[in-house]
Structure formats: structure tokens, C-alpha cells
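Following: one structure in C-alpha cells, then a few remarks.
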Amino acid sequence: MLQANLIAPEKIRLEEVEIPYLKENEVLIQVKQCGICGSDIHSYKGKHPFVHPPIVLGHEFSGIIFKIGEKAGNFHRGDKVTVEPNIACGKCYNCRHGRYNICKYLKVIGNVGYNGAFTEFISIPQDKVIKLPEEISFEQGALIEPTAVAVHAVKKSEQKIGDKVLIFGAGPIGLLTMQIAKVSGAREIIITDLLDYRLKKAEDLGADKLINPGSQNLVEFMQKTYSEDGIDLIYDCVGVEETLSQAIQIARKGTKIMIVGVPEKNPRINLAYIGDRELELIGSLMYIRDDFEEAINLIQKKKIKVAPLITHSFKLKDIKKAFELILEKKENPLKILIEI
């Protein structure tokens, strides 16, 4: 089978390898679609804090069951599936208390300690495999994982009905967080990005206000527009020093700032403001099974739209071209799928 192995920063080698050995509690999935995630970009550039080559990337994927291990029940050959890619130990404190997404020994398919889905076949523990409704396409199935990221972030924020929400970043995670925040009762959503084509997509998907910080002073705009009452909640779906600093400056005293984006390096922020203003700087990592199931439900019932996020598709043999297109910022990429 063919797989795309990241052997060094910005070096992907296409390899012919054996189909994975199938353990008795695993299923073998024939991968159909796999998305390129923002964290994949960090990994490709050698700037992800937890990903180290060689590794096969790819954790946003869908496919069909090709083979079933002897003790992997509830599946049939040909079932359409997606995968929850966090593999936990099941024994540490957080696993025992239902927070296995922050397992002490967490492995992440296509990220940490486990090869991913930029490959023709992948073997997965059966308890991480989720059947998809027939009406959900393979393309939509590949976007369930990032949707679950957004679902988890909105749940963890404890967002209230009627909240005014600011979202940094109109990439795929920002746009999904925006839609789920809206479905969850946000009264007004302001979204920022340096790229106007992303802001146009946000407008099409229901954003109330669009701001390009490259052409106007974001902090001044927010203070002037929302005065002392300010806004109620901030999601940073970028995670760079500039957006974190702006979030801290904009936040009303006592406000939550959800960190959803993965930083490429250690940002410097003003901790004095965190204490003085009683700001809550909260991390959000991945998801649990309930978030995946809710993501599937939202897509199936058409409460959120994922298809408009897909801008490009490449064959597996052309995966290097896909990463190059993203890095060169050509053709206004948003979500790129690899067809396998």
C-alpha cells in the first residue's frame, strides 16, 4: 500500500509498505478522505511542539471497514466510518475521571506516537471507530474531527445564550467554532482574520461582524463599539502571541478566553492583566466521544455546514503539492482534502 511519511520538516516520502497487521481488537480501514489540519501544517514545518518525524500524519478522516479483528464486534465489511483519534491509557487520573482527552500517556493518531491516515489502509482499535450515517459523505466525514474540536471548545467555555462572542481566526476551526457558538445561542459573533477571503466565508456562514486587524486597529474598534460592557467570551482559534495579547487587552474584567489554536512557539503575554482583571485563560484540547457524536448529529441535521469549508482536493500521490499550496498561500486555500 502507499503511505506519505513525513521524514523531516517539509520532506514527505511516498512509500510502498505492507498493509498493517491487524490485532484481534482492531479493524482495518480503507481510507477514503483525509483532511489537512492546522496542526498538520505545524508538524510539516517542524514547529509542532509535540510531533516529531518520522510519522505519517493525518487524523481527520473517513473510510470503510475493510477487515475486522477476531474480537472487534459491531462492524461489518463496507461500513462507512470515521475515527476518534485520541488513544488514551484508560488508567491515569484524568482517564478515570472521564477526561481521557488529556490522558497522561495520550497518543494521537497521526500526531503523537501513532501513524495516521495519509495512507491507503490503517488499523485502528475498534473502540475508536464510529459508524457514519449513510447520508453523510466521505468528504463530510473527514470534517467531523475538526467539528468535534469546536464542539468541545464551546462546551468547555460554558457559553451562555445571548452572549456576545469574539473569535480570532476564520480558518476551518474558527469557522466551525463560529457556527457552533451560533447554534448554542450566541447573540452576536465578531470574527477576525488577516485574509479577506476567509472573512467572506465567515460572512456567508453567519458571522455578524468581520474585522481584518491588518487594515484597522482591532483593540480600538472593540473598545469603541462595545464600550464598558464589552463582550462576553473570546475564542482564540489562532494561538499566536499577537492574538493572545489582543484578546487580553480586549477582554472585559472577569472574561473567559478559550485557547483553541495550537501555538507554534511560546508566546509572551502580560500575566499582570490576567491576575488584575481576573481573566480566565482556558485551554481546550481535542474532544471526547460525546463531542464526536454531537458533531455527527449537527452535520446530519444540517444545523452547521462543513462542505463550504472544502476548497481543494488532491490525490495521495500529490500530497506534497497540497502542503506547498498551503505554505505558498496560493488559490485561497481553506480546508484541503486528500482523496485516497
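Considering only alpha-carbon pairs that sit under 8 angstrom and 6 or more positions apart, the relative contact order computed for the chain is 18 percent. For every other residue with a beta carbon closer than 13 angstrom to the beta carbon of Gln249, add +1 if it is Lys or Arg and -1 if Asp or Glu, then tell me the sum. Net charge around Gln249: -2. Basic side chains Lys and Arg get +1 at the Cβ, acidic Asp and Glu get -1 at the Cβ, and with that the dipole of the chain about its Cα centre reaches some 320 debye. What angle do you read, to the nearest 10 degrees and between 0 and 90, between the alpha-carbon axis of helix 172-183 and the longest principal axis of the chain? That works out to roughly 70 degrees. Applying a DSSP loop filter and a limit of 14 other Cβ atoms within 10 Å to the trypsin sites (Lys or Arg not before Pro) in the stretch 184-242 leaves Arg187.
Place +1 on the Cβ of every Lys and Arg and -1 on the Cβ of every Asp and Glu in the chain, take the dipole about the Cα centre, and give the residue among Gly46, Tyr226, Gly214 whose Cα lies farthest towards its positive end. The residue sitting most towards the positive pole is Gly46. When a/c is below 1.5 the answer is rounded, else prolate if a/b is larger than b/c, else oblate, so apply that to the stretch 150-283 with a ≥ b ≥ c taken from the square roots of the Cα gyration tensor eigenvalues. Here the stretch 150-283 falls in the rounded category.
Axis of helix 144-157 versus longest Cα principal axis of the chain: the two differ by about 40°, to the nearest ten degrees. Based solely on its DSSP helices, what 222 nm [θ] is calculated for the chain when runs of n ≥ 4 H residues each add -39,500 (n - 2.57) and the sum is averaged over all residues, nearest 500 deg cm²/dmol? Per the formula, -8000 deg cm²/dmol. Between the stretch 40-107 and the stretch 121-171, the alpha-carbon centres lie 14 Å apart.
Rounded to the nearest 20 debye, the dipole magnitude of the stretch 44-127 is 340 debye, with +1 charges on Lys and Arg beta carbons, -1 on Asp and Glu beta carbons, and the Cα centre as origin.
Counting only lysines at least 8 places from Lys224 when in the same chain, those with an alpha carbon closer than 20 Å to its own are Lys164, Lys209, Lys253. Applying the criteria of a DSSP loop state and at most 16 other Cβ atoms within 10 Å to the trypsin sites (Lys or Arg not before Pro) of the stretch 1-84 yields Lys23, Lys45, Lys47, Lys71, Arg77.
Using only side-chain charges placed at the Cβ, +1 for Lys and Arg and -1 for Asp and Glu, the dipole size of the stretch 142-250 relative to its Cα centre rounds to 300 debye. The mean sequence separation of alpha-carbon pairs under 8 Å and at least six residues apart, normalised by the residue count of the stretch 101-177, gives a relative contact order of 21 percent. For the stretch 150-283, the relative contact order works out to 21 percent when only alpha carbon pairs closer than 8 Å and six or more residues apart are counted. Note on the chain: the alpha carbon radius of gyration divided by the globular reference 2.2 N^0.38 Å gives 0.99.
The GluC sites (Glu not before Pro) of the stretch 85-135 that meet both conditions, a loop assignment by DSSP and at most 11 other Cβ atoms within 10 Å of the site Cβ, are Glu134, Glu135.
Classify the stretch 1-142 as rounded, prolate or oblate from the Cα gyration tensor: take a ≥ b ≥ c as the square roots of its eigenvalues, call it rounded if a/c is under 1.5, otherwise prolate when a/b beats b/c and oblate if not. The partial results should precede the final answer.
Values: a/c = 1.58, a/b = 1.12, b/c = 1.40.
It comes out oblate by the Cα gyration axes.
Sorting Glu203, Glu16 from the fewest to the most surrounding beta carbons within 10 angstrom yields Glu16, Glu203.
Neighbour counts of other C-beta atoms within 10 Å: give me Ile269, Ile234 arranged from fewest to most. Provide the component values of the computation, followed by the final result.
Numbers: Ile269 15, Ile234 28.
Ranking Ile269, Ile234 by Cβ neighbours within 10 Å, fewest first, gives Ile269, Ile234.
Each of Asp204 and Asn217 was given a label point 7 Å from its Cα along the Cα-to-Cβ line. The distance between the two points is 3.4 nm. On the basis of the beta-carbon distance and an R0 of 41 Å, Phe50 and Arg187 show a calculated FRET efficiency of 0.65. Any idea what angle helix 241-250 forms with the longest principal axis of the chain, computed on alpha-carbon atoms, 0 to 90 degrees, nearest 10? Rounded to the nearest ten degrees, it is 40.
Within the chain, what's the longest stretch lacking chymotrypsin sites (Phe, Trp or Tyr not before Pro) that sit in DSSP loops with no more than 14 other Cβ atoms inside 10 Å? Please report the intermediate quantities before stating the final value.
On the way: sites that count: Tyr21, Phe50, Tyr105.
Longest run free of exposed loop sites: 106-340.
Rule-based calculations on the coordinates, nothing more; no lab input. All values derive from a computational prediction rather than experimental measurement. All Cβ positions, glycine included, derive from the backbone under ideal geometry; neighbour counts span all protein chains shown.
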